[in-house]
Amino acid sequence: MRINIVTIFPGFFAAPLALSIPGRAQRAGLVEYRVVDLRDFTHDRHRTVDDVPYGGGAGMVMKPEPFFEAVDHLAPTGPIVLLSARGRPFRHADAVRFAVQDELTLLCGHYKDVDQRVADHLATEELALGPFVLSGGEIPALAVTDAVVRLLPGALGDHDSAASDSFYEEERVSAPSWTRPPEYRGHVVPDVLLSGDHARIRAWREQAAEDAEAKRRGG
């Protein structure tokens with residue numbers, strides 16, 4: 001798989017993509033990262049990527065031309081995702097859908113906004129991490145990349161680890177987890193998890209997952 005990231009801050013990605021699961025997957029040849037500097041697709045000596053908004057208003061708007069030219073250069077074959085607070089929430093189902101593609105392109109906005117022509121006529125979809133605003137699309141791009149890469153066969157080395165993740169098959173969280181020691185500062189691990197009774201443990205985890213999901217949804 002190849003993941004393209006278009007950004008005005010390419011240095012933002014060097015360390016995170018070299019570490020942990022994203023780095024291990026790259027070294028194993030499971031994924032190739034291509035981080036593209038949006039400023040390389042400008043044509044003035046100041047390498048300008050933004051301008052004032054039509055109609056007035058505060059902030060600067062990212063220009064469409066560099067995004068279109070960067071994508072022309074990449075010639076991607078898979079989804080082209082604009083990361084924007086205006087997008088719909090990114091979900092685990094999206095990560096699963098992207099993980100079976102040969103290529104994924106992530107467009108990182110910055111400043112006040114991105115010219116709407118990028119969303120309307122270049123990106124195939126627009127996604128957000130949630131109902132909040134970040135300084136740019138770089139952190140969402142890393143989140144999407146990590147969520148996708150860990151689903152690639154061989155990335156984790158243990159498929160069961162991914163299969164027991166929150167949201168793996170259903171849109172709900174997984175049961176809480178504990179590890180050694182069995183008691184710490186007076187806080188103990190639930191007895192059922194120490195029992196060795198796998199049927200009881202499965203039933204307990206199923207109920208614990210339902211309880212955690214109800215709590216997450218405010219129930």
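Every read-out reported here was derived from the displayed coordinates using simple, explicitly stated rules and does not represent laboratory data. Quick caveat: nothing in here was measured; it's all calculated off a predicted structure. Ideal geometry is used to build each Cβ from the backbone, glycine not excepted, and the neighbour counts take in all protein chains shown.
If you take every residue apart from Ala143 with its C-beta less than 14 Å away from the C-beta of Ala143, what net charge results, scoring Lys and Arg +1 and Asp and Glu -1?
Computed value for this residue: -1.
Sorted by packing (mean other beta-carbon atoms within 10 Å per residue), highest first, where do 211-218, 136-143, 93-100 land?
Per-residue Cβ counts within 10 Å, averaged per peptide and sorted highest first, yield 136-143, 93-100, 211-218.
As a test of the formula, what do you get for the chain when each DSSP H run with n ≥ 4 contributes -39,500 (n - 2.57) and the sum is divided by the residue count, at 222 nm and rounded to the nearest 500 deg cm²/dmol?
The per-residue figure over the chain is -10000 deg cm²/dmol.
What residues qualify as long-range amide H neighbours of Asp113, i.e. H under 5 Å apart, gap of 5 or more or another chain, H built at 1.01 Å from N?
Met60, Met62
At 0.36 nm per residue, and after removing the present C-alpha to C-alpha distance, how many nm does the segment from Leu30 to Ala15 gain when stretched out fully? Can you show the working numbers first?
Details: separation 15, 0.36 × 15 = 5.40 nm, distance 1.80 nm.
Difference between extended and current length: 3.6 nm.
From the Cα gyration tensor of the stretch 31-157, with a ≥ b ≥ c the square roots of its eigenvalues, which class applies: rounded if a/c is under 1.5, or else prolate if a/b is larger than b/c, or else oblate? If you can, show how the numbers build up before the last one.
Working: a/c = 2.23, a/b = 1.56, b/c = 1.43.
Prolate.
What is the angle, in °, between the Cα long axis of helix 198-216 and the longest principal axis of the Cα atoms in the chain? Nearest 10 is fine, range 0 to 90.
40 degrees
In whole Å, what three semi-axes, largest first, describe the equivalent ellipsoid of the chain built from its Cα gyration tensor (square root of 5 times each eigenvalue)?
After scaling each eigenvalue by five and taking roots: 40, 20, 15 Å.
Please determine, in degrees from 0 to 90 and to the nearest 10, the orientation of helix 64-74 with respect to the longest principal axis defined by the Cα atoms of the chain, where the helix direction is its Cα long axis.
Here the helix axis deviates by roughly 70 degrees.
How far is helix 138-149 tilted off the main Cα axis of the chain, in degrees rounded to 10, range 0 to 90?
50 degrees
Quick check: from the Cα gyration tensor, does the stretch 172-216 come out rounded (a/c under 1.5), prolate or oblate?
On the way: a/c = 2.78, a/b = 1.33, b/c = 2.09.
It is oblate, given that a/c is not under 1.5 and a/b is not larger than b/c.
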